[in-house]
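Here the structure comes first, spelled out in structure tokens, and everything after it is commentary.
The values are calculated or read from the model by the stated rules, or taken from the named source; none is laboratory data. What you see is a predicted model; the values in this text were computed from it and never measured. Cβ placement follows ideal geometry from the backbone for every residue including glycine, while neighbour counts extend to all protein chains displayed. Heads up: the accessible areas ignore ligands, DNA and RNA and are worked out on the full protein's heavy atoms, side chains in. Shrake-Rupley method; radii C 1.70, N 1.55, O 1.52, S 1.80 Å.
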Amino acid sequence: MSSFLSIDNVSRLFGPNLTTGEKIAAKLGSKVETRSVRAVSDVSLSVRKGETLGLVGESGCGKSTLGRLIAGILPPTSGSVTIDGKPVMESGTKVTTRVQTVFQDPFASLDPRMKVGDTVAEGPIAHGLTTKGAARDYVAGWFERVGLDPVWADRYPHQFSGGQRQRIAIARALAMQPDVLICDEPVASLDVSIQAQIINLFLELTRDLELTCVFISHDLSVVQHVSDRVAVMYLGRIVELGPVAEVFGTPAHPYTSALFGSVPKLVLDADELVHFETIDGEVPSPLSPPSGCYYHPRCPLASAQCSAQQPATQPVAELRAVACHHFEQQLAKASA
Amino acid sequence: MSDPVLSVKDLKTHFFTRAGVVKAVDGVSFDLAEGEIMGLVGESGSGKTVTGFSLLGLVDAPGRIVSGSVRLKGTELTALTDSELRSRRGHDISMIFQDPIATLNPMLTIGQQMRMAIDAHERLSARAAESRAAELLTQVGIPSAKERLRAYPHEFSGGMRQRVAIAIALLHRPAVIVADEPTTALDVSIQAQILFQMRDLARETGTAMVWISHDLAVVSSLASKLAVMYAGRIVEQGPTATLLRDPRHPYTAGLIASLPAMAAPGTPLTQIPGTTPSLLSLPAGCPFAPRCDRATDLCKADPDMTHQDNRGWRCFHPVTRTAEVPA
């Protein structure tokens with residue numbers, strides 16, 4: 001498999017920002033929080049050109065942090081991200097415009113005091129993709145591409161609805177002519193009827209522009225719809241990776257299975273209320289994760305081995321990998 | 001069927017702003033039987049939250065209930081004075097809000113807050129109040145409840161905080177609970193636990209619920225009947241399974257069809273064109289007509305609710321997707 005976007009052994013720690021006083025206090029034995037959170041822990045992924053990789057998990061699992069590491073917004077503590085062999089970041093600075101991001105909240109990601117046309121033009125002018133004189137036509141082209149009327153370029157963000165703002169955010173990302181697009185919950189804040197419009201736009205654009213995508217969402221049905229492959233994260237680690245239909249159809253990790261089981265589904269042919277599986281307990285604090293496999297305190301298949309030893313990521317089938325000691329048992333359960 | 005615990009008739013809540021009158025709720029009617037859960041579904045701005053607030057008389061200026069009736073166990077709530085209403089709130093009807101962080105007072109322990117909620121309506125000894133509070137916490141799935149009463153809200157996770165809010169709402173065994181998107185801010189695995197518990201609680205205690213949500217899938221797994229709101233009015237209502245399988249209003253049909261689960265992966269989704277109208281400048285006639293592919297000249301008039309069996313819809317050109325649904 002030829003890899004276009006490579007994420008190699010990437011980790012990211014967040015430590016507390018201690019003031020000098022707090023550091024001294026900690027040394028003197030006072031109760032100052034000095035532990036770090038390992039938000040992303042030794043993640044390796046490779047994405048082919050034109051492929052959309054879905055990234056799912058519950059809040060706090062590190063999916064957004066991983067997205068920011070890939071986009072070059074945050075420097076990794078260790079490991080590297082490369083596009084077509086070239087690094088995204090060098091010594092803590094982003095050195096490429098080939099990866100761009102669309103964020104969840106289009107209300108927060110657009111400058112309220114800037115005309116939206118100028119917001120979209122700012123990056124391309126700074127990086128020489130267009131000139132100040134030609135910027136208007138350049139922006140108009142991208143506006144049409146995302147289904148906005150080019151005459152709206154002179155308006156301000158508050159004059160648009162949520163769906164239209166997300167189109168502007170997409171136009172801004174695409175105007176940089178990226179090869180890789182990171183979408184961090186792009187439809188989470190939109191209404192259902194608008195969500196469908198943006199998903200359709202996304203599908204059309206990624207196909208036409210041959211974009212390589214990382215699509216982050218907690219909404220499994222959205223990820224299932226847009227992705228080729230999906231990675232499931234739990235407490236900073238990737239627990240399962242594989243083609244969407246296979247991972248959703250026969251989950252190899254007990255967490256994947258439980259996560260899918262607990263999503264309320266729209267069932268049209270049942271007169272009885274649907275019974276759904278629930279996962280016991282809550283996600284543990286990432287400040288003090290459990291030993292061994294992070295999922296073992298909530299896992300129905302957990303054994304002594306699971307609390308002692310962290311499972312290695314191992315191949316299950318072609319293109320599929322899982323980090324679980326008992327994946328064969330889980331697979332047998334899933335296919336039954 | 002016995003008398004409904006909650007009966008809402010032609011409820012209208014309008015907001016009188018400088019820009020004009022916003023008809024946030026414009027003629028909402030429904031009945032709720034004991035132990036029944038109704039899902040109130042709609043997109044943002046459809047008036048579902050204002051409907052919930054109106055039931056408890058929580059609408060602030062510039063808004064007010066302009067007409068209609070809310071009868072709770074035979075008492076007309078809209079006719080009560082503020083203090084009479086306060087004695088009902090939390091006792092006969094209570095509300096669970098979306099954001100459990102904003103609901104709880106960060107300066108007080110969970111026990112103190114539950115004690116205040118108990119004292120508002122009942123005189124109990126400290127010991128009795130504590131055991132009542134602990135009992136409720138246990139019921140909503142909080143382990144070692146007695147110790148947790150001494151904890152502050154920040155010591156709880158989001159899911160646990162929402163359980164506390166639910167426990168407070170249940171303290172006086174109200175006849176009706178209005179729940180406004182209580183699981184929207186939670187993770188799916190926690191959401192599933194809470195939905196499951198609420199379903200059981202409603203059955204055990206006979207508490208009826210109005211469950212407000214934008215998520216059809218969530219309410220379909222919880223509610224026995226649904227009401228779909230659009231632009232301040234209920235455009236369709238009926239038993240959950242019937243309504244989802246065989247929607248009559250084009251908006252309901254469009255909402256269901258636009259879900260990613262309804263299309264093969266990677267294929268374009270069915271989309272409803274346009275956006276929800278501003279409540280300040282509603283089109284004359286059916287408010288959905290400008291986005292509707294079935295609209296005709298007839299839709300320039302406002303359709304009334306058409307009733308058939310135990311369901312109803314407000315549309316001149318209802319969808320008939322399946323010929324006949326087997327009973």
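One residue stands out among those in segment A:176-195 that are free of Cβ contacts under 8 Å to residues at least 40 places away in the same chain and within 19 Å of the chain's Cα centre (by Cα): the one that is surrounded by the most Cβ atoms within 10 Å (Cβ to Cβ), which is A:187. Looking across segment A:181-197, just one residue is within 16 Å of residue B:262 (Cβ to Cβ) and more than 8 Å from every other protein chain (Cβ to nearest Cβ), and that is A:187. The set of residues from segment B:276-303 being of a type in the set (Gly, Ala, Ser) and either touching a residue at least 60 places away in the same chain (Cβ under 8 Å) or in a loop (DSSP other than H, G, I, E, B) (or both) comprises B:278, B:281, B:284, B:285, B:295, B:301. Of the residues making up segment B:51-76, just one is charged (D, E, K, R) and modelled with pLDDT under 90, namely B:60.
Against the condition touching a Ser or Thr at 6+ places or on another chain (Cβ under 6 Å) and either assigned by TED's automatic domain parsing to the domain that holds residue A:124 or farther than 20 Å from residue A:313 by Cα (or both), how does residue A:84 come out, does it pass?
Values: touching a Ser or Thr at 6+ places or on another chain (Cβ under 6 Å): no; either assigned by TED's automatic domain parsing to the domain that holds residue A:124 or farther than 20 Å from residue A:313 by Cα (or both): yes.
Answer is no for this residue.
Across segment B:102-139, the number of residues qualifying as touching a residue at least 12 places away in the same chain (Cβ under 8 Å), under 19 Å from residue B:162 (Cβ atoms) and of a type outside the set (Val, Ile, Thr) comes to 13.
Please work out if residue B:150 is more than 14 Å from chain A (Cβ to nearest Cβ) and more than 19 Å from the chain's Cα centre (by Cα). In short, yes. Restricting the search to strands (runs of 3 or more DSSP E) fully inside segment B:160-275 and requiring at least 1 residues that are basic (Lys, Arg) and touching a strand residue (DSSP E or B) at 6+ places or on another chain (Cβ under 7 Å) gives B:225-230, B:233-239.
Having 2 or more residues that are more than 11 Å from every other protein chain (Cβ to nearest Cβ) is the bar; report the helices (runs of 4 or more DSSP H) wholly within segment A:207-319 that clear it.
A:244-249, A:254-261, A:304-308
Of everything listed in (1) in contact with a Phe, Trp or Tyr (Cβ under 6 Å, 6 or more places away or on another chain); (2) modelled with pLDDT under 85, the single unmet condition for residue B:277 is (1).
Results for (1) closer than 25 Å to residue A:137 by Cβ; (2) in contact (Cβ under 8 Å) with a residue 60 or more places away in the chain; (3) of a type in the set (A, V, I, L, M); (4) in the same structural domain as residue A:118 (by TED's automatic domain parsing), shown as yes or no for each residue.
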{"residue": "A:169", "(1), (2), (3), (4)": "yes, yes, yes, yes"}
{"residue": "A:174", "(1), (2), (3), (4)": "yes, yes, yes, yes"}
{"residue": "A:221", "(1), (2), (3), (4)": "no, no, no, yes"}
{"residue": "A:227", "(1), (2), (3), (4)": "no, yes, no, yes"}
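Which pairs turn up if I take residues in segment A:29-51 that are at negative phi and look for partners that are assigned to a loop (DSSP other than H, G, I, E, B) and crowded, with 20+ Cβ neighbours inside 10 Å with beta carbon separation below 7 Å, at least 6 apart in sequence or on another chain? Every condition considered, the pairs that remain are A:38/A:236; A:39/A:62; A:39/A:236; A:40/A:62; A:40/A:236; A:41/A:236. Restricting to segment B:244-291, count the residues that are hydrophobic (A, V, I, L, M, F, W, C) and more than 12 Å from every other protein chain (Cβ to nearest Cβ). Number satisfying all stated conditions: 6. Filtering segment B:221-231 to residues that are open to solvent by 10 Å² or more (accessible area, probe 1.4 Å) and facing chain A (nearest Cβ under 9 Å) leaves only B:224. When A:113, A:98 are checked against the criterion of being assigned by TED's automatic domain parsing to the domain that holds residue A:157 and open to solvent by 70 Å² or more (accessible area, probe 1.4 Å), a single residue qualifies: A:113. Residue B:136 meets the conditions (1) in the same structural domain as residue B:115 (by TED's automatic domain parsing); (2) closer than 30 Å to residue B:8 by Cα; (3) in contact with a Ser or Thr (Cβ under 9 Å, 6 or more places away or on another chain) in every case but one. The failed one is (3). Inside segment B:100-119, residues that are open to solvent by 70 Å² or more (accessible area, probe 1.4 Å) and assigned to a loop (DSSP other than H, G, I, E, B) make up a count of 2.
Of all residues in segment B:149-167, exactly one satisfies the criterion of being under 14 Å from residue B:115 (Cβ atoms) and open to solvent by 30 Å² or more (accessible area, probe 1.4 Å), namely B:150. Selection of segment B:241-265 for residues being of a type in the set (S, T, N, Q) and open to solvent by 10 Å² or more (accessible area, probe 1.4 Å) yields only B:242. Scoring residue A:247 on the criteria (1) touching a Pro at 6+ places or on another chain (Cβ under 8 Å); (2) β-branched (Val, Ile, Thr); (3) at pLDDT 90 or above leaves a single failure, condition (1).
Select from segment A:24-63 the residues that are closer than 13 Å to residue A:214 by Cα and either more than 18 Å from the chain's Cα centre (by Cα) or surrounded by 23 or more Cβ atoms within 10 Å (Cβ to Cβ) (or both) and list them in ascending order. Lay out the reasoning, then the answer.
We begin by selecting, within segment A:24-63, every residue closer than 13 Å to residue A:214 by Cα; these are A:45-56, A:63.
Within segment A:24-63, A:47, A:52, A:53, A:54, A:55, A:56, A:63 qualify.
Checked against the criterion of being among the aliphatic types (A, V, I, L, M), under 28 Å from residue B:42 (Cα atoms) and either part of a strand (DSSP E or B) or more than 14 Å from chain B (Cβ to nearest Cβ) (or both), segment A:111-133 contains not a single residue that satisfies it.
Each row is one residue, and each column tells you yes or no for (1) in contact with a Gly (Cβ under 9 Å, 6 or more places away or on another chain); (2) under 25 Å from residue A:188 (Cβ atoms); (3) among the β-branched types (Val, Ile, Thr).
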{"residue": "B:144", "(1), (2), (3)": "no, no, no"}
{"residue": "B:148", "(1), (2), (3)": "yes, no, no"}
{"residue": "B:152", "(1), (2), (3)": "no, no, no"}
{"residue": "B:158", "(1), (2), (3)": "no, yes, no"}
{"residue": "B:162", "(1), (2), (3)": "no, yes, no"}
{"residue": "B:165", "(1), (2), (3)": "no, yes, no"}
{"residue": "B:169", "(1), (2), (3)": "yes, no, no"}
{"residue": "B:186", "(1), (2), (3)": "yes, yes, no"}
{"residue": "B:196", "(1), (2), (3)": "no, yes, no"}
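This table checks each residue for (1) buried (at least 21 other Cβ atoms within 10 Å of the Cβ); (2) at pLDDT below 95; (3) outside the structural domain of residue A:58 (by TED's automatic domain parsing); (4) of a type in the set (Asp, Glu).
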| site | (1), (2), (3), (4) |
| --- | --- |
| A:232 | yes, no, no, no |
| A:283 | yes, yes, yes, no |
| A:295 | yes, yes, yes, no |
| A:305 | no, yes, yes, no |
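Would you check which residues across segment B:203-220 are within 11 Å of chain A (Cβ to nearest Cβ) and either under 30 Å from residue A:56 (Cα atoms) or open to solvent by less than 10 Å² (accessible area, probe 1.4 Å) (or both) and list them? Please lay out each step first, then the result.
Initial filter on segment B:203-220 (within 11 Å of chain A (Cβ to nearest Cβ)): B:203, B:213-220.
Correct list: B:213, B:214, B:215, B:216, B:217, B:218, B:219, B:220.
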